[in-house]
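Below: one structure, written as structure tokens.
Computed from the coordinates by the stated procedures, all read-outs in this text should not be read as laboratory data. These numbers were taken from a predicted model, which means no experiment stands behind them. Ideal geometry is used to build each Cβ from the backbone, glycine not excepted, and the neighbour counts take in all protein chains shown.
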Amino acid sequence: MTTAVSTSSCKTIIVGDFNIHVDVATDSNAVRLRDVLSDHSLHQHASQSTHDRGHVLDLVITSEDTTPLSLAVTDLLTSDHCLVTFCLPFTKPSALQTKYTCRRCANFDIDEFDRELAASELATTDSLDVNYLFE
């Protein structure tokens, strides 16, 4: 048995249709998922049926220090899955100063680019060494 420890301090949010019956305590896939979530300090929040056959399949998983607010499951009658909505207790980060650089596409000479690429070491070497080619 391998034990993993998560040392990440970032907020984690995982949502989606897992097709694992987490509401069935003896389901082997549900047990394995619970173990993985526990190993990584994650918590699954959806508790009522999200599927028309009565199971919780659509999950909302967060880091343990984050609890979704107003989690609701709504049957829109348009799918076999319900709509799961929730709010997160996060604040919008302040605007970050970002410096952008961009190419002037109008001045891009495709023929010159082709010539330079064809003459480059990447195109002319016989090496199959991935590390060398990456460099």
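For residues that are of a type outside the set (Gly, Ala, Ser), free of Cβ contacts under 8 Å to residues at least 40 places away in the same chain and under 14 Å from Ile20 (Cβ atoms), tally how many sit in region 43-71.
6
Scan region 11-33 for residues that are of a type in the set (S, T, N, Q) and under 16 Å from Phe86 (Cα atoms) and jot them down.
The one that is of a type in the set (S, T, N, Q) and under 16 Å from Phe86 (Cα atoms): Thr12.
What number of residues within region 48-62 are assigned to a loop (DSSP other than H, G, I, E, B) and among the hydroxyl-bearing types (Ser, Thr, Tyr)?
2
Of a type in the set (Lys, Arg) and more than 20 Å from Gly16 (Cβ to Cβ) - does that describe any residue in region 82-101?
Yes, the conditions are met somewhere in region 82-101.
Give the residue, chosen from Asp126, Asp65, that is surrounded by 10 or more Cβ atoms within 10 Å (Cβ to Cβ) and in a loop (DSSP other than H, G, I, E, B).
So the residue among Asp126, Asp65 that is surrounded by 10 or more Cβ atoms within 10 Å (Cβ to Cβ) and in a loop (DSSP other than H, G, I, E, B) is Asp65.
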